[in-house]
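The values are calculated or read from the model by the stated rules, or taken from the named source; none is laboratory data. No experiment lies behind these values; they were computed from the predicted model shown. No Cβ is skipped: glycine too gets one built from the backbone with ideal geometry, and neighbour counts run over all protein chains shown.
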Amino acid sequence: MSVNIIDQCVAQGVPFAREYGGLLSNRSFGGTQVQRTFYAAGQTGQQLLIGAYQALERQVALGNVKMYSRHEMLDIVIIDGKCRGVICRNLVTGELERHFGHAVLLCSGGYGNVFYLSTNAMGSNVTAIWKAHRKGAYFGNPCFTQIHPTCIPVSGDHQSKLTLMSESLRNDGRIWVPKKKGDTRKPNEIPEDERDYYLERRYPAFGNLVPRDVASRAAKERCDAGYGVGSSKQAVYLDYAAAIIRYGKIECGKQGITNPTEEQIRTLGKQVVKEKYGNLFDMYQKITGEDPYEVPMRIYPAVHYTMGGLWVDYELMTTVPGLYALGEANFSDHGANRLGASALMQGLADGYFVIPYTIGNYLADEIRTASISTDHPAFVEAEKQVSDRINRLMSIQGKQSPESFHKRLGKIMWDKCGMARNAEGLKQAITEIQELRKEFWSDLRVTGTIHEYNPELDKANRVADFMELGELMCIDALHRNESCGGHFREESQTEDGEAKRDDANFSYVAAWEWKGDSQWQLHKEELHFEVAKPSQRSYK
Ligand SMILES: Cc1cc2nc3c(=O)[nH]c(=O)nc-3n(C[C@H](O)[C@H](O)[C@H](O)COP(=O)(O)OP(=O)(O)OC[C@H]3O[C@@H](n4cnc5c(N)ncnc54)[C@H](O)[C@@H]3O)c2cc1C
């Protein structure tokens, strides 16, 4: 299917990198030892987005698709056991709207912002799938979160967003920390033999290209042990000095420069690096004020992707008939670990090559179902529930902003349900989140009014859902008493600190059913492996 996806994207105008002869080019990515990833410089995701977006706009212009921008879906409508529509809020006027559909597709993305700080867009949230969950859609593997190793480190309490440095940078960059604890020298003053290239040391077979979860944990381990760099000491170096020299020497050879000076080598090497990664280097320089061509970048892991999401079957239908979930919003495809570049693969596969075939199976049986009026009592009731909740949020009139609650929730999640988790921390987190939720519903202050453009109200609505989700994530992480992929339980590790899986007891998808406030029932979907069997991973 990946070939179809790439062809589809090329047809949409995505400028994938090509070889000299015109064929599409491949490069290495984390977790693989072969070059097999299609790419568009250091901004593949963005280019895919632009391609998909302009294809959508074309359909909008042709009148085939009606776009409702600045609208937020706040609930689903179920009639006779089938999903038949949604309730949306116009975010500019505050008006609630009812929309009927024979089926509903949720493509609302991931929920990494439950951690407050993440690489996700600020508008990403869980509300759409959470509302569906509360109305009967099971939530699969909620605790499976991907923490990306190469992000610009947190610089202080003022931040509300983290920036990803593309994984492609690990192709050529080398990751290291000083060998001496608490070393305060500048990176360029630390000689080669006093540097610990810890990924190359621990994982000689994969080196800097180990999968994201492994690279992230290794960075955390070094920083926790006191070897972190920068003012926060919560960072490691990503260094391009060796790549610049290596590429420079190759260029000198190509250009027939014999006995080049070091300056010539560096100048030509920088040009190659600039061509490959220039946009990322510029971004880093703008954010940190440091020149990564001269000084190693500082990086640290950050929340990036959520492998969990609404449980779906092979037709992408949730446990609510007629309700589908596509892309990052569902739990499928990645298990507990996602390798780089596969998110867009999944999103594009779901949208272009799965749902067009599967939804017909459902709609074929609905051919005699006439349009249902949005005056139907189920629409009236769903809209009333949304309206009541908005009124409740506005009427609390307490002292604390939605942002402050979000920040506190994020800290609990990051500290206790982040890169490493243990039973004691998770139990504490569950209690803390329950207390925070009580405080939220008694001391929240939403400024402005309902019938106007009011981002404070939008945020309050989302934070309320994040708090419920956060509790379920911790419950899921607590029950899964093994380590697997991005889910690292400290109690379940090998002697050398690697994730230790327990396939005998946990070879299932945990699908949670909402049963009321703080109550869920676990359903286990057993996993059967016929060709490839799960085994302890080793990158050594
Ligand atoms: C910085 C960054 C770089 C990445 N790079 C890559 C890469 O190179 N390769 C790769 O494979 N993956 C990459 N990913 C991951 C990939 O981009 C995402 O997994 C993918 O975009 C998810 O697509 P989606 O369509 O499922 O959701 P999204 O792209 O998140 O789209 C969801 C949309 O739904 C909207 N929405 C949410 N809730 C509601 C609601 N209640 N009502 C109405 N609308 C709503 C959102 O505003 C958003 O527009 C990257 C992610 C990030 C953050």
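With region 194-254 as the region, which helices (runs of 4 or more DSSP H) entirely inside it contain at least 3 residues that are touching a residue at least 24 places away in the same chain (Cβ under 8 Å) and farther than 20 Å from G486 by Cα?
Details: elements: 198-202, 212-224, 241-254.
Fully inside region 194-254 and qualifying: 241-254.
Residue check: is Q397 part of a loop (DSSP other than H, G, I, E, B) and not hydrophobic (A, V, I, L, M, F, W, C)?
Yes.
Being of a type outside the set (A, V, I, L, M) and loosely packed, with under 12 Cβ neighbours inside 10 Å: is that true of G51 here?
For G51, the condition - of a type outside the set (A, V, I, L, M) and loosely packed, with under 12 Cβ neighbours inside 10 Å - is not met.
Can you tell me which of V177, V154 is in a loop (DSSP other than H, G, I, E, B), of a type in the set (A, V, I, L, M), touching a residue at least 12 places away in the same chain (Cβ under 8 Å) and not assigned by TED's automatic domain parsing to the domain that holds S342?
V154
Here is a list: E315, E294. Which entry is out of contact with any Phe, Trp or Tyr (no Cβ under 9 Å at 6 or more places or on another chain), in a loop (DSSP other than H, G, I, E, B) and farther than 30 Å from A420 by Cβ?
E294 is the lone residue from the list that is out of contact with any Phe, Trp or Tyr (no Cβ under 9 Å at 6 or more places or on another chain), in a loop (DSSP other than H, G, I, E, B) and farther than 30 Å from A420 by Cβ.
Determine, yes or no, whether E95 is within 22 Å of N454 (Cα to Cα), out of contact with any helix residue (DSSP H, G or I) (no Cβ under 6 Å at 6 or more places or on another chain), charged (D, E, K, R) and near the ligand (Cβ under 9 Å from one of its atoms).
It is false that E95 is within 22 Å of N454 (Cα to Cα), out of contact with any helix residue (DSSP H, G or I) (no Cβ under 6 Å at 6 or more places or on another chain), charged (D, E, K, R) and near the ligand (Cβ under 9 Å from one of its atoms).
Could you tell me how many of the residues in region 165-174 are surrounded by fewer than 23 Cβ atoms within 10 Å (Cβ to Cβ) and either outside the structural domain of Y284 (by TED's automatic domain parsing) or small (G, A, S) (or both)?
Selection size over region 165-174: 1.
Filter region 359-373 down to the residues that are in contact with an Asp or Glu (Cβ under 9 Å, 6 or more places away or on another chain) and surrounded by 16 or more Cβ atoms within 10 Å (Cβ to Cβ) and list them by number.
I359, Y362
When you check T145 against the structure, is it buried (at least 24 other Cβ atoms within 10 Å of the Cβ), within 13 Å of the ligand (Cβ to nearest atom), over 12 Å from the mean Cα position of the chain (by Cα) and not hydrophobic (A, V, I, L, M, F, W, C), yes or no?
Judged against the criteria, T145 is not a match.
For region 318-335, name all the residues that are at pLDDT below 95 and away from the ligand (no atom under 14 Å from the Cβ).
Of the residues in region 318-335, the ones at pLDDT below 95 are 332-335.
The answer is G335, and nothing else.
Among A103, A137, A132, A128, which is the only one that is crowded, with 17+ Cβ neighbours inside 10 Å, outside the structural domain of E471 (by TED's automatic domain parsing), near the ligand (Cβ under 9 Å from one of its atoms) and in contact (Cβ under 8 Å) with a residue 40 or more places away in the chain?
Details: A103 fails: near the ligand (Cβ under 9 Å from one of its atoms); A137 fails: near the ligand (Cβ under 9 Å from one of its atoms); A132 fails: near the ligand (Cβ under 9 Å from one of its atoms).
Result of the check over A103, A137, A132, A128: A128.
Being touching a residue at least 24 places away in the same chain (Cβ under 8 Å), more than 16 Å from the ligand (Cβ to nearest atom) and part of a helix (DSSP H, G or I) is the filter here, so list the residues in region 336-382 that pass it.
T358, I359, N361, Y362, L363, A378, F379
Tell me the residue from Y277, Y305 that is within 13 Å of T119 (Cβ to Cβ) and in contact with a Ser or Thr (Cβ under 8 Å, 6 or more places away or on another chain), please.
After applying the criteria, what remains is Y305.
Could you identify the single residue in G42, G13, G30 that is surrounded by fewer than 17 Cβ atoms within 10 Å (Cβ to Cβ) and part of a loop (DSSP other than H, G, I, E, B)?
Working: G42 fails: surrounded by fewer than 17 Cβ atoms within 10 Å (Cβ to Cβ); G30 fails: surrounded by fewer than 17 Cβ atoms within 10 Å (Cβ to Cβ).
Step by step, each of G42, G13, G30 is checked, and only G13 is surrounded by fewer than 17 Cβ atoms within 10 Å (Cβ to Cβ) and part of a loop (DSSP other than H, G, I, E, B).
If S168 satisfies every condition in (1) at pLDDT 95 or above; (2) in a helix (DSSP H, G or I); (3) in contact with a Gly (Cβ under 6 Å, 6 or more places away or on another chain) but one, which is the exception?
For S168, the exception is condition (1).
Mind telling me which of the residues S25, S2, S69 ends up being modelled with pLDDT under 95, surrounded by fewer than 18 Cβ atoms within 10 Å (Cβ to Cβ) and either within 30 Å of E383 (Cβ to Cβ) or within 14 Å of the ligand (Cβ to nearest atom) (or both)?
Going through S25, S2, S69 in turn, just one is modelled with pLDDT under 95, surrounded by fewer than 18 Cβ atoms within 10 Å (Cβ to Cβ) and either within 30 Å of E383 (Cβ to Cβ) or within 14 Å of the ligand (Cβ to nearest atom) (or both): S2.
Regarding region 48-56, can at least one residue be identified that is touching a Pro at 6+ places or on another chain (Cβ under 6 Å) and within 15 Å of the ligand (Cβ to nearest atom)?
The answer is no, given that none of the residues of region 48-56 is touching a Pro at 6+ places or on another chain (Cβ under 6 Å) and within 15 Å of the ligand (Cβ to nearest atom).
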